[in-house]
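K.L.:
To start, I am sharing the structure in question, which I have written as structure tokens.
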Amino acid sequence: MPSSNEQPYHGDLPEHARERLQEMRGSDGQRKLFTSDLSVNEFLLVKETGFEPAGLVVGSSIYHVGFQQAKWTKNEEMTVLTQAMYHARELAMTRMEEEAAELGADGVIGVRLRVKHLHWASDLAEFVAIGTAVYHKDGNRAFRTHEGKPFTSDLSGQDFWTLLKSGYRPVGMVMGNCVYHVAHQTIGQWFRTAGQNTEMTNFTQALYDARELAMERMQAEAEHLKAEGIVGVDIQEGSYGWSSHVIEFFVVGTAIVAMRADHHIPTPQLVLSVND
């Protein structure tokens, strides 16, 4: 648990957010009520690892996504859109981390990133990051990043328990994205492929390249955190109301490092359900 003289971090959080977080943090090292989106099993497993939930933390950003024109017959990255989607998520993540720091947490687990377009403007979207902040009950700060900030992870409570028991720890949630324009077919290309079984190499190359760019950027983030690897990688895709030939690939995972040389994996146990 953080010492009573540890100063909370004040970023650009709303006043009511700071009030809510200060109420949960309490004073003189005595925490009050916590909130959490962990299931009962996740909650108990997290406690078994030596961590305690500090509270549910949220970050958001309503972002105006700019416009970019693409060439009709060219495969190319839409850099304006890529930067907008990445920066908006980064703002939401940063504010979630600020809430965790305000609680004196050592990390955030079960992080989820959501994107929702707003009805009152087609070029506005809300980006939300949400997870459960946790702190080590013995005050062990070794679980924080090398910059002294709370780690972030999209691992579930069960996966977090398994990772720690096996001698690894999360250092941060890493992500990469790429918004890409897939070239349209020319009339000549359409006639050459009509009625035939053939690979659409133009489309294949475009989607392949877009995924690779997103993966490359995620790996660069993990290297910055001095991670040994990334687990739980998930590749998502969406168009978010853009042109039918514009698509975003978003890649996210949890970067990890080893805590010890012996990585003993707990023996699985047989569990029989008594439910009907």
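Taken together, the values in this text are just the output of simple stated rules run on the coordinates, not laboratory data. Because the structure is a prediction, the values reported are computed rather than measured. Positions of Cβ are backbone-derived with ideal geometry, glycine not excepted, and every protein chain shown enters the neighbour counts.
K.L.:
In whole angstrom, and with the biggest value first, how far do the Cα coordinates of the chain range along each principal axis?
P.N.:
Taking the Cα atoms of the chain, the three principal extents are 73, 48, 46 Å.
K.L.:
What are the chymotrypsin sites (Phe, Trp or Tyr not before Pro) within segment 120-184 that DSSP puts in a loop, where the Cβ has at most 13 other Cβ atoms within 10 Å?
P.N.:
Details: sites: W120, F127, Y135, F143, F151, F160, W161, Y168, Y180; in loops: W120.
In loop regions of segment 120-184 (DSSP not H, G, I, E or B), the sparsely surrounded chymotrypsin sites (Phe, Trp or Tyr not before Pro) are W120.
K.L.:
With N residues in segment 124-270, what two-decimal value do you get for its Cα radius of gyration over 2.2 N^0.38 Å?
P.N.:
On the way: Rg = 20.8 Å, N = 147, 2.2 N^0.38 = 14.7 Å.
Rounded to two decimals, the normalised Rg is 1.42.
K.L.:
S244 to E126: FRET efficiency via 1/(1 + (r/R0)^6), r the Cβ-Cβ distance, R0 25 Å, to the nearest 0.05? Mind showing how you got there, number by number?
P.N.:
Working: r = 24 Å, r/R0 = 0.94.
Between S244 and E126 the formula returns 0.60.
K.L.:
According to a simple spin-label model (label point 7 Å from Cα along Cα-to-Cβ), what is the distance in nm between A258 and Q22?
P.N.:
4.6 nm
K.L.:
I've got another one for you. I want the local charge near G148. Using Cβ-Cβ distances under 11 Å, sum +1 for each Lys or Arg and -1 for each Asp or Glu among the other residues. Please list the in-between numbers first.
P.N.:
On the way: positive: R141, R144, K149; negative: D106, E147.
So the surrounding residues net to +1.
K.L.:
OK, next. Using a Gaussian network model of the chain whose springs link C-alpha atoms within less than 10 Å, name the residue from T94, T198, T132 with the highest mean-square fluctuation.
P.N.:
T198
K.L.:
Which entries of K47/K116; K47/K149; K74/K226 show an alpha-carbon separation above 27 angstrom in the structure shown?
P.N.:
Values: K47/K116 33 Å; K47/K149 21 Å; K74/K226 37 Å.
The pairs that break the limit, which is 27 Å between Cα atoms, are K47/K116; K74/K226.
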